[in-house]
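Participant: Starting off with a structure, shown below.
The values are calculated or read from the model by the stated rules, or taken from the named source; none is laboratory data. From a predicted model like this one, the values you see are computed outputs, not experimental measurements. Don't worry about glycine lacking a Cβ; one is built from the backbone with ideal geometry, like all the others, and counts go over all protein chains shown. For accessibility, only protein heavy atoms count, side chains too; no ligands or nucleic acids. Shrake-Rupley method; radii C 1.70, N 1.55, O 1.52, S 1.80 Å.
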Amino acid sequence: MNRWKSGYSRLEKNQKKKLWVWLSVIFVFFTLYIGYTSWYLYRDGKMEDVYWERYLNENPTLSKSENQLAENAIRVKTGVYIENINKIDIRSSSYTITFQVWFRWDGDPNLDMLNNYEIYHGLIDSQETLKDIKDGHTNYQLARVTSTIAKTFWTTRFPMGSHQLRFYLEPKDDISNIVFVADKENSSINENINISGFELKRFDTNIFVKEYENDKLNPETEGRGSYSVTEFLTAIELNRETIGLYIKCFIALVGTLSWVLIVLFICTYHNVDPLSMIPGALFGTVSNIIVGANLIPDALHAGLLEFVNIFGILIILFASFAIITINRQRSYYHDDRFASFLGKHVFWLLAFFTVLGNILLPLCAYRF
C-alpha cells in the first residue's frame, strides 16, 4: 500500500486522470457486462421450472363440450417405460428414443391400438409387439418402440444447459372414438439410463388435449369445423453431466486469453513492444468460435457460447489498447515510470475480470 501511495503521489494531475479513466472504464464496463450476462443465464436456467410445469399441465382435461363429444368414446389407459435415449443430435434438431408403450381398454376387441396411434412430430423407426392380450372385456397391448422425434433445442446455455424432451402419443381417431387416460402410476424411466454427456434430472407424464382447426374433410367431424384428440405426453429433463464439452468449446479461448495477458505483462514489466503478437490471439479466438458453432444449429439462441466469445474478444481489445497506450507513453512522452505504473494496474484488473468472467458465466448457466 505504501509503495502504491508513493508511486501514485509522484504522478502528475493529467496522469492521475488518465489512470482513473482507464481503471474506471474497465471496471464499469466489465462489471456491467459480466453482471448482465450472468443474470441472463441464471434467469434462463430458473425458467426451466416454469416451462416444465407449463407444458406438463398445459391442457390436461376435456372441456364441457368435448366431454359431451367423448361420451361414448373408448377410454384407453396409456403408459410408457423409457428404456433408453439412443441419440441426442442438437445440430440436426432431433433425438432418438426407445420406450415400451402399453394400451389397456375395455370394450371393442377389434380395436388395434398398436396400429392406431402416431407420435406428434416424430417417426416410428421400429415397433416390436411384446404382448397382445384379450381377457374377457379387457384388452391389453404392449410394444417396444424406437422413434426419432423432432426437437428444437434451446441453446441459450449451451454447452452447460439442460434440455427438456417431450413427445406426444396421439390416437388416429378423435375424442368421439378414443380418449387416452394417463397411467401416471406405472409410467417410469430406466433408473440406470445412460445418456452420453447428460444425467437424468426428472421425468413425468400427463394428458394433453389438442384441438385441430382443420377437420381434413372427415365426415365424422364435418360440420364442427375442427376436432380434438387426447395426447399422452411424456416429459424428460436432462442436465449436463460434466464440463467436458465446455472445455472442448473454450479451451482455445482460454489459451488465447492467457497469451494476451502474458503479452500485456511483457509489455508492462519488461519494456518490450509485443503488439505484433496480438493478431495470433485473434486468430485463436476465431478458431474457438468455429468449434462451438459446428456443434449447434445455425439458427441458435444467443447465450453462453456468444457471451464467452464476445467477452474474450473484449479482453483482447482492451489489452491491445493498453499496450498501444503504454508504448505511446514510452516512445512519445518518454515516461517509462508512468507507463509501467499504468500497465501494472490495467494488467491486474484485466486479469481479475478474465478469471471472474470465465468462472461466473458457466456457473450461472449450469443447473445444480
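Participant: Please identify the pairs in which a residue from segment 126-146 that is over 17 Å from N110 (Cα atoms) and modelled with pLDDT of 95 or more has its Cβ atom under 8 Å from the Cβ atom of a residue that is assigned to a strand (DSSP E or B) and small (G, A, S), counting only partners at least 6 apart or on another chain.
Facilitator: Between residues of segment 126-146 that are over 17 Å from N110 (Cα atoms) and modelled with pLDDT of 95 or more and residues that are assigned to a strand (DSSP E or B) and small (G, A, S), the close pairs are Q127/A143; E128/A143; L130/A143; V145/S126; T146/S126.
The rows are residues; the columns are (1) surrounded by fewer than 20 Cβ atoms within 10 Å (Cβ to Cβ); (2) in contact with an Asp or Glu (Cβ under 8 Å, 6 or more places away or on another chain); (3) among the small types (G, A, S); (4) free of Cβ contacts under 8 Å to residues at least 40 places away in the same chain.
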residue: S320; (1), (2), (3), (4): yes, no, yes, no
residue: R328; (1), (2), (3), (4): yes, no, no, yes
residue: Y333; (1), (2), (3), (4): yes, no, no, yes
residue: D336; (1), (2), (3), (4): yes, no, no, no
residue: S340; (1), (2), (3), (4): yes, no, yes, no
residue: W348; (1), (2), (3), (4): yes, no, no, yes
residue: G357; (1), (2), (3), (4): no, no, yes, no
residue: L361; (1), (2), (3), (4): no, no, no, no
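Participant: Quick check on segment 169-176. Is at least one of its residues modelled with pLDDT under 85, over 25 Å from the mean Cα position of the chain (by Cα), among the acidic types (D, E) and open to solvent by 40 Å² or more (accessible area, probe 1.4 Å)? Before the answer, list the steps.
Facilitator: Our first condition is that a residue be modelled with pLDDT under 85; within segment 169-176, this holds for none.
For segment 169-176, residues modelled with pLDDT under 85, over 25 Å from the mean Cα position of the chain (by Cα), among the acidic types (D, E) and open to solvent by 40 Å² or more (accessible area, probe 1.4 Å): absent.
Participant: Right, next: With the condition kept exactly as written, say whether any residue in segment 178-189 is modelled with pLDDT under 95, surrounded by fewer than 18 Cβ atoms within 10 Å (Cβ to Cβ), over 18 Å from the mean Cα position of the chain (by Cα) and of a type in the set (K, R).
Facilitator: no
Participant: Give the residue, chosen from L142, L165, that is closer than 30 Å to A365 by Cα and in contact with a Lys or Arg (Cβ under 8 Å, 6 or more places away or on another chain). It would help to see each step written out before you state the result.
Facilitator: On the way: L142 fails: closer than 30 Å to A365 by Cα.
The unique qualifying residue is L165.
Participant: Could you tell me which of the residues E66, E83 is at pLDDT below 95, in contact with a Ser or Thr (Cβ under 6 Å, 6 or more places away or on another chain) and open to solvent by less than 70 Å² (accessible area, probe 1.4 Å)? Walk me through it before giving the result.
Facilitator: Details: E83 fails: at pLDDT below 95.
Checking each option against the conditions leaves just E66.
Participant: Tally the residues that are among the polar types (S, T, N, Q), open to solvent by 10 Å² or more (accessible area, probe 1.4 Å) and under 12 Å from the mean Cα position of the chain (by Cα), restricting the search to segment 134-163. Break it down into steps so the answer makes sense when it comes.
Facilitator: Quick first cut of segment 134-163, residues among the polar types (S, T, N, Q) only: 138-139, 141, 146-148, 152, 155-156, 162.
Those still in the list that are open to solvent by 10 Å² or more (accessible area, probe 1.4 Å) too: 138, 146, 148, 152.
With under 12 Å from the mean Cα position of the chain (by Cα) added as a condition, the list becomes 152.
Selection size over segment 134-163: 1.
Participant: Which strands (runs of 3 or more DSSP E) does segment 26-135 wholly contain that include 2 or more residues that are under 30 Å from Y366 (Cα atoms)? Show your work before the answer.
Facilitator: Details: elements: 74-89, 94-106, 117-120, 122-135.
Per the criteria, 74-89, 94-106.
Participant: I need the full set of residues from segment 120-133 which are β-branched (V, I, T) and either in contact with a helix residue (DSSP H, G or I) (Cβ under 9 Å, 6 or more places away or on another chain) or open to solvent by 80 Å² or more (accessible area, probe 1.4 Å) (or both), in order please.
Facilitator: Here is the first cut: in segment 120-133, the ones β-branched (V, I, T) are 124, 129, 133.
Residue satisfying the conditions is T129 alone.
Yes/no matrix, rows are residues, columns are (1) within 28 Å of S126 (Cα to Cα); (2) open to solvent by 10 Å² or more (accessible area, probe 1.4 Å); (3) free of Cβ contacts under 8 Å to residues at least 24 places away in the same chain:
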{"site": "L62", "(1), (2), (3)": "no, yes, no"}
{"site": "A70", "(1), (2), (3)": "no, no, no"}
{"site": "G79", "(1), (2), (3)": "yes, no, no"}
{"site": "D89", "(1), (2), (3)": "yes, yes, yes"}
{"site": "I97", "(1), (2), (3)": "yes, no, no"}
{"site": "F103", "(1), (2), (3)": "yes, no, no"}
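Participant: Inspect all residues belonging to segment 13-21 and state whether any of them is within 30 Å of L342 (Cβ to Cβ) and in contact with a His (Cβ under 9 Å, 6 or more places away or on another chain). Steps first, please.
Facilitator: Of the residues in segment 13-21, the ones within 30 Å of L342 (Cβ to Cβ) are 13-21.
Restricting the remaining residues to those that are in contact with a His (Cβ under 9 Å, 6 or more places away or on another chain) gives 19.
Checked against the condition, which is being within 30 Å of L342 (Cβ to Cβ) and in contact with a His (Cβ under 9 Å, 6 or more places away or on another chain), segment 13-21 yields at least one hit.
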